[in-house]
Amino acid sequence: MDLDVLFVGTAASVPSARRGLPATLVRRGGDRLLFDCGEGTQRQLVRSTGLVELEEIFLTHFHADHVLGLPGMLKTFALRQRERELTVYGPAGLRGLFKALQPIVGRVPFSLALVELEPNDELERDGYRIAAYATDHGVSALGYALVEDTRPGVFDPERARELGVSPGPDFGRLQEGESVNGVHPDQVMGEPRRGRRIVLAGDTAPCEMTRLVAFEADLLVHEATFLDDEADRAGETRHATARQAAELAAAAGVTMLALTHISPRYGGKEVRDEARAAFENTVVPRDFDRIEIPFPERGVPALVKVSEQELV
């Protein structure tokens, strides 16, 4: 099952020539999950993956740089005569946001479901779940974790033969958890294997809840709006510095840290260098870069940089 994170927009509150406003697309198998939808998100998607018929959008909070792409995207879906339901999730206040947007969006020909989530709410999916948790941004705000189910251990066919099980359907039954002719699955299956975990913290000051949720995650996507010399300002605005995000990643024992919400004052290298002093495996993706996340036994997350030839 393929799993990757496409960085659709990586800027902070103001876009730059090379960075659009916040939006991140998580792709798992055939599922496409969009987290935040800053101004210009639909065009960013058109340039990279195409504007797919998203079924779920998750908002971390309602600051303008994270939501102003929604009206245009909804209107485009309407002009396409979309029929499938679209569900938008977010913290308390989501319905109020859409009431305010109603004069702009108007009527749409598809069902639009609005789901307000509370911290610790979980959404069960096929093979994984999405968990919401409280962050620290001075307003109602959520981070999200995509957590895959534990997978069965590796099947040992030689051991099964030794125990008298014939190859064929009986092998499949053992792998599905059934006993066959007195042979139990735990006799021929290795230790259960953990699934993958991605944490998207949204805009937030470094907080204990992010550390707990991200414990040993494969990937933590965290903001880094400021460098350490502006730590006081970061604290006042409930944002994070690159160093703070890296220290949190180190404390959580994550495999990789990806820094986003980059101020136009920075090119990216200085953000990466400050973070790497505290956590070496830090990357600062640009728009349209992606991180591929294999199963743990097959390798570690890898940043794949986009080339101009790949963009529309």
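The values are calculated or read from the model by the stated rules, or taken from the named source; none is laboratory data. Note that the structure is predicted; figures quoted are calculated from it, not measured. Here the Cβ positions follow ideal geometry from the backbone for every residue, glycine too, while neighbour counts run over all protein chains shown. Surface accessibility is based on the protein's heavy atoms, side chains included, excluding ligands, DNA and RNA. Shrake-Rupley method; radii C 1.70, N 1.55, O 1.52, S 1.80 Å.
Just how many % of Cα pairs in the range 185-312 lie over 27 Å apart, if you round to the nearest whole percent? Intermediate values should be presented prior to the final figure.
Numbers: 1890 of 8128 pairs.
Summing the P(r) of the range 185-312 above 27 Å gives 23 percent of all pairs.
Modelled label-to-label distance, residue 265 and residue 304, 7 Å Cα→beta-carbon offset: nm?
3.5 nm
Applying 1/(1 + (r/R0)^6) with R0 = 25 Å to the Cβ-Cβ distance of residue 85 and residue 105, what FRET efficiency is obtained, to the nearest 0.05?
0.95
Report the per residue volume, in Å³, of the convex hull enclosing the C-alpha atoms of the range 50-114.
Considering the Cα atoms of the range 50-114, their hull volume per residue is 85 Å³.
Suppose the chain between residue 191 and residue 228 were pulled fully straight at 0.36 nm per residue; how much longer would it get relative to their current alpha carbon spacing? Walk me through the numbers before you get to the answer.
Numbers: separation 37, 0.36 × 37 = 13.32 nm, distance 4.32 nm.
Here the answer is 9.0 nm.
List the lysines whose Cα sits under 22 Å from the Cα of residue 99, skipping any in the same chain fewer than 8 residues away.
Of all the lysines, those that pass the test against residue 99 - Cα under 22 Å, at least 8 places apart if same chain - are 75.
Within the range 23-146, what percent of beta bridges assigned by DSSP are antiparallel, to the nearest 5?
Bridges in the range 23-146 that DSSP calls antiparallel: roughly 55 percent.
Of the heavy-atom accessible surface of the range 85-212 (probe 1.4 angstrom), what whole percent is carbon and sulfur?
Solvent-exposed carbon and sulfur of the range 85-212 make up 49 percent of the total.
Between the DSSP loop rule and a limit of at most 10 other Cβ atoms within 10 Å, which GluC sites (Glu not before Pro) in the range 15-117 are left? Walk me through the numbers before you get to the answer.
Numbers: sites: 39, 53, 55, 56, 83, 85, 116; in loops: 39, 53, 55, 83, 85.
Taking the range 15-117 and a limit of 10 other Cβ atoms within 10 Å, the loop GluC sites (Glu not before Pro) found are 83.
Among DSSP bridges having both ends in the chain, what percentage is antiparallel? Round to the nearest 5.
So the antiparallel bridges amount to about 60 percent of the total.
For a bin width of 10 Å, list the pair-distance distribution of the chain built from all Cα-Cα distances, rounded to whole %.
6, 26, 31, 20, 10, 6, 1, 0
Cα axis of helix 94-105 to longest principal axis of the chain: angle in degrees, 0 to 90, nearest 10?
The answer is roughly 60 degrees.
Over the Cα atoms of the range 31-169, what radius of gyration and what Dmax do you get, in Å?
Values for the range 31-169 (Cα only, Rg and Dmax): 20.4, 70 Å.
Which three lengths, in whole Å and largest first, does the range 12-87 cover when its Cα atoms are put on their principal axes?
33, 27, 25
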